[in-house]
1. Please work out the FRET efficiency for the pair Thr148 and Thr30, using the Cβ-Cβ distance as r and a Förster radius of 30 Å; give the result to the nearest 0.05.
2. Say each of Gln44 and Ser99 gets a label point 7 Å from the Cα, pointing the same way as Cα to Cβ; how far apart are those two points in nm?
3. Near the amide H of Gly34, under 5 Å away, which other amide H atoms are found, from residues 5 or more places off or on another chain, if H is placed in the peptide plane?
4. Here is the link list: Lys46/Lys147; Lys46/Lys101; Lys122/Lys161; Lys46/Lys122. Which ones come out longer than 31 Å on Cα distance?
5. Once you place label points 7 Å from the Cα toward the Cβ at Lys161 and Lys127, how far apart are they in nm?
6. Rank these for me by crowding, Tyr98, Tyr165, Tyr111, going from fewest to most other beta carbons within 10 Å.
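What follows draws every value from the coordinates through simple rules; no lab data is involved. Just so you know, these numbers come straight off a predicted model, no measurement behind them. Because the Cβ atoms are built from the backbone with ideal geometry, glycine has one as well, and the counts that use them run over all protein chains shown.
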Amino acid sequence: MKTSIAGSALALAGHVLGHGYVYRITADNTVYPGWDVYIDPYMQPKPARIAFGGGGVNPIFSVDGPELACNVRPTAPGAIAEVRAGSSITFHWSRWLYSHKGPITAWLAPYEGDVAAVNVNKLEFFKIAEDTVDEEGVWANVRMMDKTNGTWTATIPADIKPGTYVLRHEVSCPERKIKGDKGANMNS
C-alpha cells in the first residue's frame, strides 16, 4: 500500500540567527533534496521539491497563526513522495544554536486534489511521532544534533489509509515566558 506525502518542515525558535532547515528528506529509502532557503528562491525554473517552499529560517512566534503549518508564505511542492505504510521518513537538518531546545514532532493530514490548491491551515493534522526531553534532561533537538548528525526519523503508521497527505515536521523551541492569568494568550 502506497501513500503520497507532501512534506512541510518548520523550525520554531526564538532567535533570528542560527536557525536550521531541512536540506534533505529520505522517504521510504528514496532521497529527495529539501527546500534550500538560500538557493531555491532564486532558481529559474523553480526546482520541483517534495517540501513546501518559501519562508526561511526566521522564528515563528504565533502559535495560532497561519504560518505555523508550513511557514511564512508557503509555496506548494512541485513533487510528491510515494511511501509505503509502515516505512520511515528521515529529515536531515542543518545546524543551529544549541540554546534553542525543545521537542520534535511529525504530523500528517489527508487532503484531496492538487496539493497546490490545498490550504494547509484548514487541514486536520494528527500526530504520528514525538520526541521530547530524556531522563537526563537533554531535549530531542539537542540529541538530534549531537547523536544523529542532524537527522530525525518518523514512521508512517502501518495501518494508515491509502491517500495523499501533507506531512508537517516541527522542531519547537518554546522560549516564552508565560505571565498573566490562566486565560492569557501565549502570543501576548
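1. With a Förster radius of 30 Å, E is 0.95.
2. It works out to 4.0 nm between the two label points.
3. Close amide H contacts, sequence-distant or interchain: Arg24, Ile25.
4. Lys46/Lys147; Lys46/Lys101
5. Roughly 2.2 nm, to one decimal.
6. Tyr98, Tyr111, Tyr165
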